[in-house]
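Notes follow the structure.
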Amino acid sequence: MSETLLARLREITGAAHVLTEGDLSAYEQDWRKRVRGKALAVVRPGSTQEVAAVVQACAAAQISIV
């Protein structure tokens with residue numbers, strides 16, 4: 001499932017805006033540095049339309065967004 005979602009996110013935003021490799025730890029901790037998680041990916045949409053499409057794709061896949 002995650003590969004299907006990642007492919008869809010890449011279609012929406014472009015592959016350069018879906019980060020899955022390297023150090024994602026800066027994106028996996030809240031601003032207070034109290035809570036840590038593990039991200040499947042970091043997605044950086046470039047427009048409100050892309051944000052809406054990313055939210056819809058994640059909701060369809062039942063994947064949480066933070």
Quotient of C-alpha Rg and 2.2 N^0.38 Å, computed over the chain: 1.11
Give the carbon-plus-sulfur fraction of the accessible surface of the stretch 1-53 in %, rounded to a whole number; probe 1.4 Å, heavy atoms of protein chains only. 53
Size of the dipole of the stretch 14-64 about the Cα centre, Lys and Arg at +1 and Asp and Glu at -1 on the beta carbon, nothing else charged, in debye to 20? 280
Of the peptides 46-59, 24-37, how do they stack up when ordered by the mean number of other Cβ atoms within 10 Å, highest first? 46-59, 24-37
Please compute the length gained on full extension between Val55 and Tyr27, using 0.36 nm multiplied by the number of residues separating them and subtracting their Cα-Cα distance. 8.3 nm
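The values are calculated or read from the model by the stated rules, or taken from the named source; none is laboratory data. Owing to the predicted nature of the structure, the values given are computational and were not obtained by experimental measurement. FYI the Cβ positions are ideal-geometry reconstructions off the backbone, even for glycines, and counts take in every protein chain you see. Just so you know, the surface numbers come from the protein's heavy atoms only, side chains and all, with ligands and any DNA or RNA stripped out. Shrake-Rupley method; radii C 1.70, N 1.55, O 1.52, S 1.80 Å.
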